[in-house]
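Worksheet: one structure, shown below.
The values are calculated or read from the model by the stated rules, or taken from the named source; none is laboratory data. Please read these numbers as outputs of a predicted model, since none were measured by experiment. Cβ: placed from backbone, ideal geometry, glycine included. Neighbour counts: every protein chain shown.
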Amino acid sequence: MRRRSLLAGGGVGLVGAALAAPAIAQSEPEIKWRLASSFPKSLDTLYGGGEYLAKRVAEATDNKFQIRVFAAGEIVPAFQVLDAVQNNTVEMGHTGSYYFVG
């Protein structure tokens, strides 16, 4: 008996979520952020991680949230990425924490 009421309640919740989903997707604003990286484009594995993140975020949000990745020196020098984020020059930073220890 309890199982039937649980299934019925879950079905109502799924139908409500399916009906609300299109309304939620339409109200999302487009967001464009810049990501400054400490790594040059020649380092495929390190710099490519930022590009992969940007690609996955864009896919997950239907291109409503776009991240542009900039290599070291394009916006700020490599070792000033955290300063750029702190000063709101860019919204995101991709750097190694080992540069700032000690």
Those residues of segment 68-81 which are without any contact (Cβ under 8 Å) to a residue 24 or more places away in the chain and either among the small types (Gly, Ala, Ser) or part of a helix (DSSP H, G or I) (or both), in sequence order: Gln80
For a quick check of your reading of the model, give me the residue pairs whose first member lies in segment 29-57 and is free of Cβ contacts under 8 Å to residues at least 12 places away in the same chain, whose second is of a type in the set (A, V, I, L, M), with beta-carbon atoms closer than 8 Å and at least 6 apart or on different chains. Val57/Ile67
From the list Val101, Val85, Val76, pick out the single residue that is within 29 Å of Ser27 (Cβ to Cβ) and of a type in the set (A, V, I, L, M). Val85
Give segment 82-102 a look and list any residue that's over 21 Å from Glu51 (Cα atoms), hydrophobic (A, V, I, L, M, F, W, C) and outside any helix (DSSP H, G or I), or say none. Val101
Select, from Gly50, Gly93, Gly73, the only residue that is at pLDDT 95 or above and on the phi > 0 side of the Ramachandran plot. Gly73
Subset of segment 49-67 [assigned to a helix (DSSP H, G or I) and exposed (fewer than 15 other Cβ atoms within 10 Å of the Cβ)]: Tyr52, Lys55, Arg56, Ala58, Glu59, Ala60
